[in-house]
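A.B. asks: Have a look at this one.
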Amino acid sequence: MGSIAEKASGSEVLERLRKSLSPRWDEYVALVSYRVDKDPFAVLVSIVLSQNTNDKNSIKAYLKLRENVGVSVNDIMEASENSIIESIKIAGLARQKARTLKELAKAVHSWGGPDYLLREDPSILRKKLIGIPGVGPKTADVFLSLVRKARGVFAVDTHAARIAKRWGLVGEKAGYDEVSQSLIRFFGDENNEEAHRLLIALGRKYCAARRPRCVECPLKDICPSARQQ
Ligand code: SF4
């Protein structure tokens, strides 16, 4: 299988995606928290809630947690684990996520509070975030690209991983870092956050895991995995 890069540059692909997909901010939990609460810690909370579930459920869980418990460092530190679990049930893995939120709040408090998340060097912050149990590279990279506009990161969720493989940018067995670096090389470092969101939108609308709708896809003439029907 060839690569989409043989037929089009990353900026051409980005332009096509921009024209054919118009994702709304309220379809992404991290953008909802970013706009509604303007608190970097709250954005991290929302990204943790989105692990292993869709944005629809994580937005519901985030809004319920916000209403019942609150989403600041102090709110999460002071809340009982059970009250968090009760609020975020709809996002699944509630016990595990509640524990992660507690660990996250404890860590951010020990670093001096939410402003630290805006001040620290992104690569140091990434290492520290990934060191918290339950926080993986995707959570850190969504945060760093959205809130810190950091370079050298590309958040890889299931859509991005599947699409990078279908585009032939990486092999089937590529892990997180390999996919992430290949997408940075293809799209350019300055477009990481927008490209991440557009890949999710492409995955939702056309490039589904099962039965991708290649015939209607805006990339069907350049994608090496395009099916004819
Ligand atoms: S042509 Fe098919 S496989 Fe390629 S990106 Fe579009 S939907 Fe996915």
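The values are calculated or read from the model by the stated rules, or taken from the named source; none is laboratory data. The shown structure was predicted, so the numbers you read here are calculated from the model rather than taken from an experiment. Cβ atoms come from the backbone with ideal geometry, glycine included; neighbour counts cover every protein chain shown.
A.B. asks: Select the helices (runs of 4 or more DSSP H) contained entirely in the range 1-94, then report the ones holding at least 1 residues which are within 19 Å of THR158 (Cβ to Cβ) and in contact with a helix residue (DSSP H, G or I) (Cβ under 9 Å, 6 or more places away or on another chain).
C.D. replies: Numbers: elements: 10-20, 29-37, 40-49, 55-68, 73-78, 81-88.
Passing ranges, in order: 10-20, 29-37, 40-49, 55-68.
A.B. asks: Residue check, GLY134 against (1) part of a loop (DSSP other than H, G, I, E, B); (2) within 23 Å of LEU14 (Cβ to Cβ); (3) not assigned by TED's automatic domain parsing to the domain that holds SER9, all met but one. Which one?
C.D. replies: The one condition GLY134 does not meet is (2).
A.B. asks: From the set of residues in the range 200-229 that are within 28 Å of ALA140 (Cα to Cα) and touching a residue at least 60 places away in the same chain (Cβ under 8 Å), which is nearest to the ligand (Cβ to nearest atom)?
C.D. replies: Among those residues, the one meeting the criterion is LEU202.
A.B. asks: Name, by its number, the condition in (1) within 19 Å of the chain's Cα centre (by Cα); (2) not assigned by TED's automatic domain parsing to the domain that holds LYS205 that does not hold for VAL108.
C.D. replies: (1)
For every residue, the table says whether it meets (1) near the ligand (Cβ under 10 Å from one of its atoms); (2) of a type outside the set (A, V, I, L, M).
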| site | (1), (2) |
| --- | --- |
| SER145 | no, yes |
| ARG151 | no, yes |
| ALA155 | no, no |
| ILE163 | yes, no |
| LEU169 | no, no |
| GLY175 | no, yes |
| VAL179 | no, no |
| ASN191 | no, yes |
| GLU194 | no, yes |
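A.B. asks: Turning to a different aspect of this structure: If a residue has to be buried (at least 16 other Cβ atoms within 10 Å of the Cβ) and under 11 Å from the mean Cα position of the chain (by Cα) to count, how many in the range 154-181 make the cut?
C.D. replies: 6
A.B. asks: Shifting gears a bit: Being among the aliphatic types (A, V, I, L, M) and either modelled with pLDDT under 95 or under 21 Å from VAL170 (Cβ atoms) (or both) is the filter here; which residues of the range 199-229 pass it?
C.D. replies: The answer is LEU199, ILE200, ALA201, LEU202, ALA208, ALA209, LEU219, ILE222, ALA226.
A.B. asks: Give all pairs with beta carbons closer than 6 Å in which a residue from the range 58-79 that is at pLDDT 95 or above meets a residue that is of a type in the set (Asp, Glu) and assigned to a helix (DSSP H, G or I); count only pairs at least 6 apart in sequence or on separate chains.
C.D. replies: Sorted first by the residue in the range 58-79, then by its partner, the pairs are VAL69/ASP75.
A.B. asks: Which of the residues spanning the range 189-225 are surrounded by fewer than 16 Cβ atoms within 10 Å (Cβ to Cβ), not in a loop (DSSP other than H, G, I, E, B) and not hydrophobic (A, V, I, L, M, F, W, C)?
C.D. replies: Scanning the range 189-225 gives ASP189, GLU190, GLU194, ARG204, LYS205, GLU216.
A.B. asks: Can you find a residue that is closer than 22 Å to ARG24 by Cα and of a type outside the set (Phe, Trp, Tyr) anywhere in the range 97-115?
C.D. replies: No, the range 97-115 contains no residue that is closer than 22 Å to ARG24 by Cα and of a type outside the set (Phe, Trp, Tyr).
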